[in-house]
1. Sort through B:29, B:45, B:81 and tell me the only one that's within 18 Å of the chain's Cα centre (by Cα) and at pLDDT 95 or above.
2. Can you confirm whether region B:22-37 contains a residue that is touching a residue at least 24 places away in the same chain (Cβ under 8 Å) and touching a strand residue (DSSP E or B) at 6+ places or on another chain (Cβ under 7 Å)?
3. When you look at residue A:14, is it facing chain B (nearest Cβ under 7 Å) and either within 21 Å of residue B:28 (Cα to Cα) or open to solvent by 40 Å² or more (accessible area, probe 1.4 Å) (or both), yes or no?
4. Collect the residues in region B:1-21 that are small (Gly, Ala, Ser) and without any contact (Cβ under 8 Å) to a residue 60 or more places away in the chain, keeping them in residue-number order.
5. Residue by residue through region B:37-50, note down the ones that are farther than 23 Å from residue A:50 by Cβ and within 8 Å of another protein chain (Cβ to nearest Cβ).
Number of protein chains: 2
Amino acid sequence: MARVIVEVMPKPEILDPQGKAVAGALPRLGFTAFTSVRQGRRFELEVEGEVTEEILEQARTAAAEVLSNPVIEEVVSVHVLEESA
Amino acid sequence: MARVIVEVMPKPEILDPQGKAVAGALPRLGFTAFTSVRQGRRFELEVEGEVTEEILEQARTAAAEVLSNPVIEEVVSVHVLEESA
């Protein structure tokens, strides 16, 4: 079994209220090292057997068309995570 | 400028309705390669200057205590993303 990981983040010019809320909370809780926080999404797509180039291409298309909203988000990574399970 | 990336996923035993919805939609849209989908979150924590071991430790603690809900989620990765900006 293998997994394709898709990472989606809000575009830099888009407001990110969840990220802002976290960024406001962290210093109040003693975590003072961080100047800004953005919150996005991470998908794990499970694949039976090996991830072929064709499957990876399918994942890239799905990432762009289904898993992200191209108006407000950008796909920052589509990569394979091999693991034993 | 550098960023610390924190990745959080629902625990395997926890239902993931968003992931299930995506897993149901993909084959209807022609993406037939994926047998299961899980949806989690990805945070980008911005740091002025370099990410020291102390800052990374702060990020690990924040990931476990603030950015994730340990009852239903697990932190799958805390790592540094170096970049020019």
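The values are calculated or read from the model by the stated rules, or taken from the named source; none is laboratory data. Worth saying up front: this structure is predicted, and the values here are computed from it rather than measured. All Cβ positions, even for glycine, are placed from backbone atoms using ideal geometry, and neighbour counts span all protein chains on display. Accessible surface areas use protein heavy atoms only, side chains included; no ligands, DNA or RNA. Shrake-Rupley method; radii C 1.70, N 1.55, O 1.52, S 1.80 Å.
1. Residue meeting the stated conditions: B:45.
2. No, the conditions are met nowhere in region B:22-37.
3. No, not satisfied.
4. B:19, B:21
5. Answer for region B:37-50, where residues must be farther than 23 Å from residue A:50 by Cβ and within 8 Å of another protein chain (Cβ to nearest Cβ): B:39, B:40, B:41, B:42, B:43, B:44, B:45, B:46, B:47, B:48.
For (1) open to solvent by less than 60 Å² (accessible area, probe 1.4 Å); (2) under 22 Å from residue B:17 (Cα atoms); (3) at the interface with chain B (Cβ under 9 Å from one of its Cβ atoms); (4) touching a Leu at 6+ places or on another chain (Cβ under 9 Å), each residue gets a yes or a no:
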{"site": "A:22", "(1), (2), (3), (4)": "yes, no, yes, yes"}
{"site": "A:25", "(1), (2), (3), (4)": "yes, no, yes, no"}
{"site": "A:35", "(1), (2), (3), (4)": "no, no, yes, yes"}
{"site": "A:52", "(1), (2), (3), (4)": "no, no, yes, no"}
{"site": "A:59", "(1), (2), (3), (4)": "yes, yes, yes, yes"}
{"site": "A:66", "(1), (2), (3), (4)": "yes, yes, yes, yes"}
{"site": "A:69", "(1), (2), (3), (4)": "no, yes, no, no"}
{"site": "A:76", "(1), (2), (3), (4)": "no, no, yes, no"}
